[in-house]
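Heads up, the thing below is written out as C-alpha cells.
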Amino acid sequence: MKRVLSGIQPSGVLTLGNYIGAIQNFVKLQHDHQCFFMVVDLHAVTVPQEPEALREQSRTVAELYLAAGIDPNKASVYLQSTVPEHAELGWLLTTLTYMGELERMTQFKDKSAGKESVGAGLFTYPSLMAADILLYNTDLVPVGDDQKQHLELTRDLAQRFNSRFGNTFTVPEPYIQEVGARIMSLDDASKKMSKSNPNAGSFITLLDPPDVIRKKISRAVTDSGREVRFDPKEKPEVSNLLSIYSHCSGLSVKEIEAKYEGQGYGPFKKDLAEQVVGVLEPLQQRFREIRESDMIFDVLKKGAAEASEVAAPILRQVKERMGFVQP
Ligand code: TYM
C-alpha cells in the first residue's frame, strides 16, 4: 500500500481553501493508502503564537480533520511535536540544505516581506517540512498548489541524501488536483484565499455560521458580465467560484456552466452559497460533537504511537548512514 502524508498548520481557523485544496483529498486517499495526517504545530511557531491560541487551534485542526471525514482507524492523526523524530531529522536535513535554496522559497519571501525581524525557523521551515515527508518514506503528498516549491526541495533533498549516503529515502510525488488546488480570495482573485488576509470577507472559514457564509458569497467580487463560464484568464473571479461550486457539489464545471446558461450571476451565487452551507453545516455539527466528547486526545495519542513506529527505524537508519555512533 502506498504511503500518504500531509499536514496543516494550526495558525488560525482553517479556510475553504484548506478544505478543497487539501482535506478533501486526505479523505479520499485514506481508503486505499496508508495515511499520516498531522497538525504541524512545530511549523506554526515559526511565526509568533500565543500559547493559549496555539493549544486551542491545534486541537481544533485535529477535530476538523475528523469532522471532515478522516477516520482515525484508517489514518494516523497526530501532532507533529509529539513525534520528536520530526525535529531531529529536520535538523539533519537542515545541514544538507543550501542557503540559496531557502532564499528562493516564495513562501519565505512572502512571510518575511516588510518584517523588521524574521525568526531563523521561518527560514529553515522547508527543511523541517522535508523531514516530515521523508521520515515515513512517503510516496504521495496531497497539497495545494502553493506547496509545490517545498515539495520540489523535498525531492532534491531526498536525492541529495541518497547519492551522498546511499539509497535511503523514497523520492515523494506531489498530489495536486487540477481544479481547486488554488482557491482564490473572494475579494481579489489574484490572491490565494488565506486566513491571514485582514479582510475577513475575503475567506470562508470552516466554522463560519451559515448566514456569514451566505453574506460572504453574495458579496464576492465578480466581473461586470453575466456569463457563468470557466475561464481563469478572462473571468478569474467567476472561475474561482465555479471551482468552489464543483468541489462542494460533486458536479463537474461543465455541468454547472450548463445549469446556469443564460441566467446571470445572481442565481448561481445563491445556489453556490447553499452548496457551501450544505457541506459545512453538517461538518460543523460533527465538529461540535467531537469537541464535546473529548475523544481527540485518545485519537492523537494513538496516531503519534503509530507514526513513531514507522518513523523511528527510518531515523535510526539515517543516523547510521551519516556516521552517528548509536550505542
Ligand atoms: P498550510 O497550513 O499553509 O496549508 C495547508 C494545506 O492547505 C492548502 N491550501 C490551499 N489549497 C487551495 N487553495 C488555497 N487557497 C489554499 N490555502 C492553503 C495548502 O497547499 C496545504 O496543502 N507547509 C505546509 C504544511 C506542512 C506540510 C508538511 C504539508 C508542513 N509539513 C508536510 C505537506 C507535507 C503549509 O504551510 O500548509
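The values are calculated or read from the model by the stated rules, or taken from the named source; none is laboratory data. Remember, it's a predicted structure, so these values are computed and weren't measured experimentally. Positions of Cβ are backbone-derived with ideal geometry, glycine not excepted, and every protein chain shown enters the neighbour counts.
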If you go through N18, N73, the only one that is under 14 Å from the mean Cα position of the chain (by Cα) and not hydrophobic (A, V, I, L, M, F, W, C) is N18
Among (1) touching a Phe, Trp or Tyr at 6+ places or on another chain (Cβ under 8 Å); (2) surrounded by 15 or more Cβ atoms within 10 Å (Cβ to Cβ); (3) not assigned by TED's automatic domain parsing to the domain that holds L135, there is one condition P267 misses while meeting the rest; what is its number? (2)
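Do we find a residue being among the polar types (S, T, N, Q), surrounded by 19 or more Cβ atoms within 10 Å (Cβ to Cβ) and either under 30 Å from V221 (Cβ atoms) or not assigned by TED's automatic domain parsing to the domain that holds I20 (or both) anywhere in the range 281-300?
No, the range 281-300 contains no residue that is among the polar types (S, T, N, Q), surrounded by 19 or more Cβ atoms within 10 Å (Cβ to Cβ) and either under 30 Å from V221 (Cβ atoms) or not assigned by TED's automatic domain parsing to the domain that holds I20 (or both).
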Within the range 56-118, which helices (runs of 4 or more DSSP H) (wholly inside it) include 1 or more residues that are modelled with pLDDT under 95? 106-112
Within the range 8-33, take every residue that is farther than 25 Å from N240 by Cβ and touching a residue at least 40 places away in the same chain (Cβ under 8 Å) and give me the one that is nearest to the ligand (Cβ to nearest atom). P10
Kindly indicate whether E281 is charged (D, E, K, R) and part of a helix (DSSP H, G or I). yes
Only one of (1) polar (S, T, N, Q); (2) touching an Asp or Glu at 6+ places or on another chain (Cβ under 7 Å); (3) not in a helix (DSSP H, G or I) is not met by S239, so which one is it? (3)
(1) within 30 Å of T222 (Cα to Cα); (2) surrounded by 22 or more Cβ atoms within 10 Å (Cβ to Cβ): which one isn't true of D146, the others all being true? (2)
Out of the residues in the range 176-203 meeting the condition of being crowded, with 17+ Cβ neighbours inside 10 Å and outside any loop (DSSP other than H, G, I, E, B), tell me which one is nearest to the ligand (Cβ to nearest atom). K192
Given (1) surrounded by fewer than 18 Cβ atoms within 10 Å (Cβ to Cβ); (2) within 12 Å of the ligand (Cβ to nearest atom), identify the lone condition not met by L54. (2)
Given D211, D146, which one is within 30 Å of E274 (Cα to Cα), near the ligand (Cβ under 9 Å from one of its atoms), assigned to a helix (DSSP H, G or I) and not basic (K, R)? D146
Evaluate the following for Y136: is it in a loop (DSSP other than H, G, I, E, B), closer than 15 Å to A311 by Cα and not small (G, A, S)? yes
Go through Y78, Y65, Y98 for me and flag whichever is more than 11 Å from the ligand (Cβ to nearest atom), closer than 19 Å to G21 by Cα and either touching an Asp or Glu at 6+ places or on another chain (Cβ under 7 Å) or aromatic (F, W, Y) (or both). Y65
V221 fails exactly one of (1) in contact with a helix residue (DSSP H, G or I) (Cβ under 6 Å, 6 or more places away or on another chain); (2) in a helix (DSSP H, G or I), namely (2)
